[in-house]
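Colleague: The following block contains the structure, expressed as structure tokens.
The values are calculated or read from the model by the stated rules, or taken from the named source; none is laboratory data. Keep in mind the model is a prediction, meaning the values are calculated, not measured. Note: ideal-geometry Cβ built from the backbone for every residue, glycine included; neighbour counts use all protein chains shown.
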Amino acid sequence: MHWIDWLVIATYFAGLICVVWWSSKKQDTTKDYFLAGRNIGWFAVGASLFASNIGSEHIVGLAGNGVSSGMAMAHWELHAWVMITLGWVFVPFYYRSGVYTMPEFLERRFNSTARWILSVVSLIAYVVTKVSVTVYAGAKVFETLLPDVGVTLAGHFWGPFWVGAITTVVLTGIYTVFGGLRAVLYTDTAQAVILLVGSFFITFFGLSKLGGWGELVSICKSNSEQFALWRPMSDPDFPWLGILIVSPVVGIWYWCTDQYIVQRTLAAKNLTNARRGTIWGGFLKVWPVMIFLVPGLIGYALHTKGIVEIPYKMDAQGVAVLENGEKVLDGDQVFPTMVSSLLPIGLRGLVVGGLLAALMSSLSSLFNSCASLFTVDIYKKLHPGVSEKYLVHIGRMATGVIVVLGLFWIPIMPLIADGGLYKYLQSVQGYLAPPITAVFLLGLFCKRINGKGAVAGLTVGFIAGMTKLAIQGMAGANKFADDSVLEFIGNYNFLYASGWLLVISVIVVVGVSLVTKPPLDSQIENLTYSTASQAQRQENRKSWNKWDVIATAGVLGLVLLMYLYFSYWLN
């Protein structure tokens, strides 16, 4: 790192401080703190949707998966069409209901029990998945780019991994505590730009060193089965049927029902801006395949040609991990290695700034969403008479607690990331998503679904998913006898397991609803498509025009072109 690189990073942080200071001046009510006063334009909403999604685990993890599994994970990154679904199908109900959180919407549609279940599960899931993998990915970057950084405290040396992890968590926590969602949204807008520009240069310089796109395709063709977008049914990790089933389920849960994401659309100044924000965010979401996943393929090709040297995976004893008799590349080191090896002075600082932006935007969004869930769905329910200012104070305290919990998770991050960050994250989300997706979709499109069915589906689905996850972890640690039932369950493909979880959740929700009393008309008025009032339908129609339709068609067309190209790119 040259002094010019540090100057670029310092400039980024100076701008961040100015935004936080400006944002912190008006935070008197929960509407100000958690929804930025509901006065955000479509550009900031869309940029925040993109930046909140694309964290350091995406940049580091996707590049790593580019090396290990090629284009297999691209299906999760072509979810721009799901963001369009958020804007056109889900947001009209969320926005008009005036809710702050997704659990609050479940209470409106079903009952308070459903709200409690989703609130508690979401908080736990955020801390043990998103906080941990996001900070771990950022710390791995520090470890590669700043190998000599470290401090000695209490007689123990804390290396670059720990310094980077703790510093970013604390700094992000501070600006989220003081700035609220307004600071998150506006810093995300700037971070989205840095993220795109920095990653573009990685792709550009990588292809330049390699000899162009044709050379990349030629090298990948030599191992086309590993790098193909669609895999045969016999593939142990990414069979095409499992991809078709689970990718949309996880996508709808993440983009259309998760507080972490949907909160950005609820901050829009009106329904029109909320929808346009999702369209703009969908356009941005088309490009991660090219600027995050493809660099992993480029890194593999450069390593194959001896232009860069990607480290190999090492076990606890420092011995290289072997697979089929060959050393295995450490995918999580691909992106930082390319940054340090390929980029000139100045640009290196810009890309590191982009990585910091990705890490901090994801964490800040996560911290604010956790604070919203705790304050609105738990604390306010238990203490309904407290003032708005006091709730903002509680929200800041809740953010601080989440920061501390994130720090406590740092020591176990290397353990949870075994096998690749991004695959780990998608497998865990694959076990969390099915019951939530089932309840929200059935709740919006079927007025016969009632609160008892929703609660039963959420409970059974979560228990089944976490049981599979626990057994999978134990099987990975060789705790079961060979060919035993538990070993079979633990090693059962996570995509197919997620599909079965969806089937089970739907059966439970529908079955319990049908054998119990239907909800009263007053309980579901304006909360399902079939019970929407004429006034509600007219308001929805007035919120869009032909340009919204044209922009939507453009985004969907880009997704289709990506699929068509990468379905045949190695043929």
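Colleague: Consider VAL82 carefully, then state whether it is buried (at least 19 other Cβ atoms within 10 Å of the Cβ) and modelled with pLDDT under 75. Before the answer, list the steps.
Modeller: Details: buried (at least 19 other Cβ atoms within 10 Å of the Cβ): yes; modelled with pLDDT under 75: no.
Answer is no for this residue.
Colleague: OK, next. Within region 507-524, how many residues turn out to be surrounded by 15 or more Cβ atoms within 10 Å (Cβ to Cβ) and of a type outside the set (A, V, I, L, M, F, W, C)? Outline the logic, then answer.
Modeller: Residues of region 507-524 that are surrounded by 15 or more Cβ atoms within 10 Å (Cβ to Cβ), as a first pass: 508-510, 512-513, 519, 523-524.
Remaining after also requiring of a type outside the set (A, V, I, L, M, F, W, C): 513, 519, 523.
Summing the residues that are surrounded by 15 or more Cβ atoms within 10 Å (Cβ to Cβ) and of a type outside the set (A, V, I, L, M, F, W, C) in region 507-524 gives 3.
Colleague: In this structure, does ILE298 turn out to be outside any strand (DSSP E or B), under 17 Å from PHE227 (Cα atoms), among the β-branched types (Val, Ile, Thr) and at pLDDT 85 or above?
Modeller: On the way: outside any strand (DSSP E or B): yes; under 17 Å from PHE227 (Cα atoms): yes; among the β-branched types (Val, Ile, Thr): yes; at pLDDT 85 or above: yes.
Criteria met by ILE298.
Colleague: Just wondering, is there one or more residues in region 452-462 that are at pLDDT 85 or above, assigned to a loop (DSSP other than H, G, I, E, B) and surrounded by 14 or more Cβ atoms within 10 Å (Cβ to Cβ)? Explain how you work it out, then say what you get.
Modeller: Of region 452-462, the ones at pLDDT 85 or above are 452-462.
Within this subset, residues satisfying the condition of being assigned to a loop (DSSP other than H, G, I, E, B) are none.
No, region 452-462 contains no residue that is at pLDDT 85 or above, assigned to a loop (DSSP other than H, G, I, E, B) and surrounded by 14 or more Cβ atoms within 10 Å (Cβ to Cβ).
Colleague: Could you say whether any residue in region 487-506 is loosely packed, with under 13 Cβ neighbours inside 10 Å and either touching a strand residue (DSSP E or B) at 6+ places or on another chain (Cβ under 9 Å) or not in a helix (DSSP H, G or I) (or both)?
Modeller: Looking for residues that are loosely packed, with under 13 Cβ neighbours inside 10 Å and either touching a strand residue (DSSP E or B) at 6+ places or on another chain (Cβ under 9 Å) or not in a helix (DSSP H, G or I) (or both), one finds none in region 487-506, hence no.
Colleague: Would you pick out the residues in region 516-571 that are of a type outside the set (A, V, I, L, M), within 23 Å of CYS446 (Cβ to Cβ) and part of a loop (DSSP other than H, G, I, E, B)?
Modeller: Residues satisfying the conditions are THR516, LYS517, PRO518, PRO519, GLU525, ASN526, THR528, TYR529, SER530, THR531, SER533.
Colleague: Those residues that are surrounded by 15 or more Cβ atoms within 10 Å (Cβ to Cβ) and outside any loop (DSSP other than H, G, I, E, B), I need them from region 218-240; list them, please.
Modeller: Hits for region 218-240 are ILE219, CYS220, GLN226, PHE227, ARG231, PRO239, TRP240.
Colleague: Would region 252-274 turn up any residue that is in contact with a His (Cβ under 9 Å, 6 or more places away or on another chain), within 30 Å of LYS327 (Cβ to Cβ) and part of a helix (DSSP H, G or I)?
Modeller: Within region 252-274 (the criterion being in contact with a His (Cβ under 9 Å, 6 or more places away or on another chain), within 30 Å of LYS327 (Cβ to Cβ) and part of a helix (DSSP H, G or I)), the answer is no, since none of the residues qualifies.
Colleague: Right, here's the next one. Would you check if VAL128 is at pLDDT below 85 and in contact with a strand residue (DSSP E or B) (Cβ under 7 Å, 6 or more places away or on another chain)? Walk me through it before giving the result.
Modeller: Values: at pLDDT below 85: yes; in contact with a strand residue (DSSP E or B) (Cβ under 7 Å, 6 or more places away or on another chain): no.
It is false that VAL128 is at pLDDT below 85 and in contact with a strand residue (DSSP E or B) (Cβ under 7 Å, 6 or more places away or on another chain).
Colleague: Only one of these is touching an Asp or Glu at 6+ places or on another chain (Cβ under 6 Å) and modelled with pLDDT under 80: LYS313, LYS327. Name it.
Modeller: On inspection, the qualifying residue turns out to be LYS313.
Colleague: For the condition closer than 24 Å to MET73 by Cβ and in contact with a His (Cβ under 7 Å, 6 or more places away or on another chain), what is the one hit in LYS327, LYS313, LYS285?
Modeller: Numbers: LYS327 fails: in contact with a His (Cβ under 7 Å, 6 or more places away or on another chain); LYS313 fails: in contact with a His (Cβ under 7 Å, 6 or more places away or on another chain).
Checking each option against the conditions leaves just LYS285.
Colleague: Now, a different point. Could you give me the residue pairs with C-beta distances under 6 Å whose first residue belongs to region 234-257 and is farther than 15 Å from VAL439 by Cα and free of Cβ contacts under 8 Å to residues at least 60 places away in the same chain, whose second residue is basic (Lys, Arg) and crowded, with 18+ Cβ neighbours inside 10 Å wherever it lies, and which are 6+ apart or on separate chains?
Modeller: TRP240/ARG231
Colleague: Further, regarding this structure: Which residues, taken from region 499-521, are without any contact (Cβ under 8 Å) to a residue 12 or more places away in the chain and under 34 Å from the mean Cα position of the chain (by Cα)? Steps first, answer last, please.
Modeller: First, the residues of region 499-521 that are without any contact (Cβ under 8 Å) to a residue 12 or more places away in the chain: 500, 503, 507, 515, 520-521.
The answer is TRP500, VAL503, ILE507.
Colleague: Now for a separate question. So which of ARG264, ARG276 ends up being in contact with a helix residue (DSSP H, G or I) (Cβ under 9 Å, 6 or more places away or on another chain), crowded, with 23+ Cβ neighbours inside 10 Å and modelled with pLDDT of 90 or more? Walk me through how you get there before you give the answer.
Modeller: Numbers: ARG264 fails: modelled with pLDDT of 90 or more.
Of ARG264, ARG276, the one residue that is in contact with a helix residue (DSSP H, G or I) (Cβ under 9 Å, 6 or more places away or on another chain), crowded, with 23+ Cβ neighbours inside 10 Å and modelled with pLDDT of 90 or more is ARG276.
Colleague: In addition: Restricting to region 85-100, what's the tally of residues that are buried (at least 20 other Cβ atoms within 10 Å of the Cβ) and modelled with pLDDT of 80 or more?
Modeller: Here the count works out to 7.
Colleague: Only residues that are farther than 29 Å from VAL289 by Cβ, loosely packed, with under 13 Cβ neighbours inside 10 Å and of a type in the set (Gly, Ala, Ser): list them for region 525-571, please.
Modeller: SER530, SER533, ALA535, listed by residue number.
Colleague: I'd like to check something: does region 348-368 contain any residue that is modelled with pLDDT of 80 or more and either polar (S, T, N, Q) or not in a helix (DSSP H, G or I) (or both)?
Modeller: no
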